[in-house]
Structure formats: structure tokens, C-alpha cells
Amino acid sequence: MDLKRIIIFSSVALLFSWVVYFMINLLDIFVVTNKHHHETCEVLDLPLAPEDIEIYGSVIIAALDDRIPHMFRHQDMKSAKQGLLVWIDPKTKKWAEIPISNFPSGLPFHPHGTFLYKNSTLYMVNHALGQYGERIEVFSLVEDGDRNIKATYLRSAVFPDNWHGIINDVVVYKEGHFYATQWMPIPDTPEGRDHSFLTSFIRTAKMFFYKNSYVYSCFEKDGKAECTPQHIAYINNGANLIGNQLLVADTYPSVVNIYDIQSDMSLKYVESVKFPHHLDNISIEPNGSALVVGITRMVEFVILTENLKAGKPKSVMGSGVSRMSKVNGKWEVKELLMQDTLFASAAIILDDTILIGSIIDNAALVCKVKS
């Protein structure tokens with residue numbers, strides 16, 4: 001074999017080895033989900049899946065939706081059931097639907113990320129799609145008596161026409177302005193997510209091979225969301241506030257990116273905090289710590305996606321909850337719980353009880369934890 005052939009063969013071998021190494025790491029092939037502190041967990045059945053949750057007094061507000069037709073079936077949004085709001089008491093495992101008054105007739109309601117502003121105004125991402133598009137819905141919440149909670153629709157902020165399905169979460173820092181996280185690099189069709197081979201390939205490549213996801217600074221104006229891209233990441237997911245800092249979960253590299261909010265509502269990057277698992281939603285505890293939820297193995301997500309697309313039952317998905325706390329001026333991360341009963345997406349602790357939401361399971365988990 002001459003030198004030229006040796007060089008070509010070696011180069012191809014090195015490239016192949018790099019691709020194999022990259023895919024093994026990307027898919028977490030050799031990662032093991034070590035379940036722990038899950039023994040007390042009980043399943044609380046709900047009508048639909050509670051992807052995001054908020055504390056409201058002594059209960060938890062959850063936005064439920066039928067996400068499998070939208071996210072895991074080819075352009076099948078038409079078969080998705082209408083979403084709803086509920087309150088949940090994790091201690092008693094009781095829940096009830098929250099009636100919504102003044103909601104526009106005919107407007108599809110498919111909630112995703114939520115944010116409770118000043119404990120009275122609920123902002124919510126709505127994947128309405130079709131002629132209604134991607135939007136933020138704003139509701140007032142009032143409790144009239146013991147857990148007689150009512151919601152009233154106030155207004156909408158509609159994103160540009162071609163943003164179907166790309167927004168994940170919303171965070172409000174001041175009235176008339178919000179931050180929105182983009183998780184999908186290409187928009188859905190008005191009929192739902194396109195799972196054709198070519199579109200799926202392009203979407204996956206954009207999500208995992210280079211940064212293509214923005215955090216947007218958005219102002220409400222005449223029912224529209226006027227947004228300016230701020231910082232870019234791989235897969236911006238859940239977000240929340242601690243003081244004047246915005247925390248945003250970047251799913252794939254498993255980091256929470258922290259930004260200082262500037263006077264003009266732009267963002268200045270501060271630092272990133274690494275986690276032992278991938279990331280979804282962030283909730284803030286009264287002491288300033290953050291609970292961050294996510295899956296452990298990307299390969300399980302790929303298998304689950306293919307099963308759901310084929311109409312098969314949900315496969316196993318390891319996921320859990322970690323706490324991010326500041327110790328001596330530095331952020332430290334401690335894994336609190338790991339399980340594979342539900343595809344966990346959000347978590348809130350009330351006293352010694354944790355409620356864990358799910359992006360696709362029509363249920364929540366209620367577990368005992370040491371706070």
C-alpha cells in the first residue's frame with residue numbers, strides 16, 4: 001500500500017471513529033439511570049399531561065395538554081384534545097379543573113410553558129397552530145373561598161406567522177414584556193409537527209450539531225409579540241427568574257445559562273452551570289435555589305419518539321430532579337430523585353412533598369422528599 005492510500009485509509013478510519021464516538025456521547029449509550037429516592041412516589045392520574053406547573057398559594061397550578069398528536073405524530077394536531085387548567089394539592093392528591101371565563105370562542109388551547117407573574121397573572125405558551133399560530137395567552141387568577149380558583153382570559157400576544165410550535169417557555173420580568181425560549185430550530189406546519197424523514201433529519205441536525213435556538217426579548221404591542229433575539233444555544237428549554245437574573249435550561253449540553261437583565265431588557269451572559277442529566281423546566285424555591293428536571297439518556301428519547309410515531313405504547317424514560325443552590329457564592333448541583341415511571345418535565349416542592357409533571361403522561365408523580 002502506497003503512502004497516499006495509507007493517508008486516505010487513516011483519515012477515513014479517524015473520521016469513522018470520531019462519528020461513532022460522537023454518537024455514543026450524543027445518545028448517552030453507556031449512561032445508566034440510577035434510580036434513587038423514588039420509593040415513596042405515587043402516580044396521580046390526570047385528564048391530560050401537566051408539562052409545566054406553578055405554585056399558587058397552597059396548591060399547584062398545572063397546564064394540561066394532549067401533546068402526543070402534536071409533537072410525536074405526523075401533522076396530527078387536529079386529533080389533539082383541548083387543553084385545560086387545573087389546581088393540584090400534592091399533600092392530599094386532590095385536583096380540580098379551573099374554569100376559564102372570557103376565552104375566545106374557537107381558539108385552540110394547547111398550553112406548554114407557563115409563568116405566574118406577581119401571584120395573580122398567568123402567562124402561557126399556546127401552540128394554537130392553524131390560523132391562530134404560536135401565541136402567549138394571559139389570564140388573571142382569583143381564589144374565591146377555599147380553593148375555588150377561577151381564571152379569566154385577559155389578552156394574547158401572537159408571534160410571527162411562521163413560528164408554529166417553536167416556543168417552549170415564557171418568563172415575565174415586568175408588565176408588557178416577556179422573555180421567550182425557542183426550542184425547535186424549524187417551525188411546525190399549521191397542521192402539526194412534520195415527521196417526514198427529510199424534515200426530521202434537518203431538525204435533528206440543527207438541534208444537536210450547532211447552536212440554533214434563541215432566547216427572545218419580547219414586547220407586547222397591539223396583540224402582537226415583537227421579539228428581538230438575544231442569546232443563542234443548542235436547545236433552549238425551561239426558564240425562570242432569580243432576582244434580576246434569567247435562568248435558561250439548554251437541554252443538550254445539560255447546562256443552565258444565567259443572564260443579567262439589562263435596563264433595556266436585553267441580556268448579558270454571566271455563567272453556565274453543568275448538570276448530570278439533560279434539562280427541561282426550572283422552578284424557583286423560596287430560598288433562591290432552583291429545581292431543574294430532565295431525562296438521563298437521549299437514546300431513550302429517540303426510542304420513545306419512534307414508538308409514539310408508530311402508535312406504540314410509551315417506552316421507558318429515565319428522568320429526575322436536581323437542585324441548584326448557591327454555596328459560598330458558587331452554584332452547586334445535587335440530584336434529588338431519579339425514576340422511570342413518568343417522562344418528567346417539571347417539579348415543585350411544598351414542605352416535604354414534591355409534585356413532578358410530565359410532558360406526555362396523563363399523570364403527575366407525588367413523592368416524599370427531604371427538603
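The values are calculated or read from the model by the stated rules, or taken from the named source; none is laboratory data. Every value quoted in this text rests on a predicted model; they were computed, and no experiment measured them. Don't worry about glycine lacking a Cβ; one is built from the backbone with ideal geometry, like all the others, and counts go over all protein chains shown.
A few points about this structure:
- From VAL158, VAL215, residue being more than 23 Å from ASP89 (Cα to Cα), hydrophobic (A, V, I, L, M, F, W, C) and within 16 Å of the chain's Cα centre (by Cα): VAL215
- Qualifying residue in the stretch 168-189 (condition: part of a strand (DSSP E or B) and under 20 Å from LEU48 (Cα atoms)): yes
- Out of VAL32, VAL12, sole residue that is surrounded by fewer than 15 Cβ atoms within 10 Å (Cβ to Cβ) and either within 19 Å of the chain's Cα centre (by Cα) or in a loop (DSSP other than H, G, I, E, B) (or both): VAL32
- Selection count where residues are within 18 Å of GLN131 (Cβ to Cβ), in contact with a Ser or Thr (Cβ under 8 Å, 6 or more places away or on another chain) and assigned to a strand (DSSP E or B), scope the stretch 154-167: 1
- Selection of the stretch 167-185 for residues being surrounded by 14 or more Cβ atoms within 10 Å (Cβ to Cβ), without any contact (Cβ under 8 Å) to a residue 60 or more places away in the chain and out of contact with any Gly (no Cβ under 9 Å at 6 or more places or on another chain) yields VAL172, GLN182, PRO185.
- Hey, PHE201 out of contact with any His (no Cβ under 6 Å at 6 or more places or on another chain) and either polar (S, T, N, Q) or not in a strand (DSSP E or B) (or both) or not: yes
- Residue pairs whose Cβ atoms lie under 8 Å apart, sitting 6 or more positions apart in sequence or on different chains, and linking a residue in the stretch 330-350 that is under 13 Å from LEU279 (Cα atoms) to a partner that is charged (D, E, K, R) and in a strand (DSSP E or B), are VAL333/LYS274; VAL333/ARG323; SER345/GLU51; SER345/ASP52; ALA346/GLU51; ALA346/ASP52.
- Selection status of VAL142, farther than 18 Å from PHE109 by Cβ and in contact (Cβ under 8 Å) with a residue 40 or more places away in the chain: no
- Summed over the stretch 257-295, the residues that are among the charged types (D, E, K, R), in a strand (DSSP E or B) and within 18 Å of the chain's Cα centre (by Cα) give a count of 1.
- Here ARG297 meets the list (1) closer than 20 Å to LYS35 by Cα; (2) surrounded by 14 or more Cβ atoms within 10 Å (Cβ to Cβ); (3) touching a strand residue (DSSP E or B) at 6+ places or on another chain (Cβ under 7 Å); (4) not aliphatic (A, V, I, L, M) almost entirely, failing just condition (3).
- Any chance LEU27 is under 25 Å from HIS278 (Cβ atoms) and touching a residue at least 24 places away in the same chain (Cβ under 8 Å): yes
- The set of residues in the stretch 136-150 that are touching a strand residue (DSSP E or B) at 6+ places or on another chain (Cβ under 6 Å) and surrounded by fewer than 19 Cβ atoms within 10 Å (Cβ to Cβ) comprises SER140, VAL142, GLU143, LYS150.
- When HIS112, HIS164 are checked against the criterion of being in the same structural domain as ALA239 (by TED's automatic domain parsing), surrounded by 16 or more Cβ atoms within 10 Å (Cβ to Cβ) and farther than 27 Å from ASP351 by Cα, a single residue qualifies: HIS164.
- Any strands (runs of 3 or more DSSP E) falling wholly within the stretch 319-361 and containing at least 1 residues that are of a type in the set (Gly, Ala, Ser) and within 18 Å of ASP280 (Cβ to Cβ): 319-327, 344-350, 353-358
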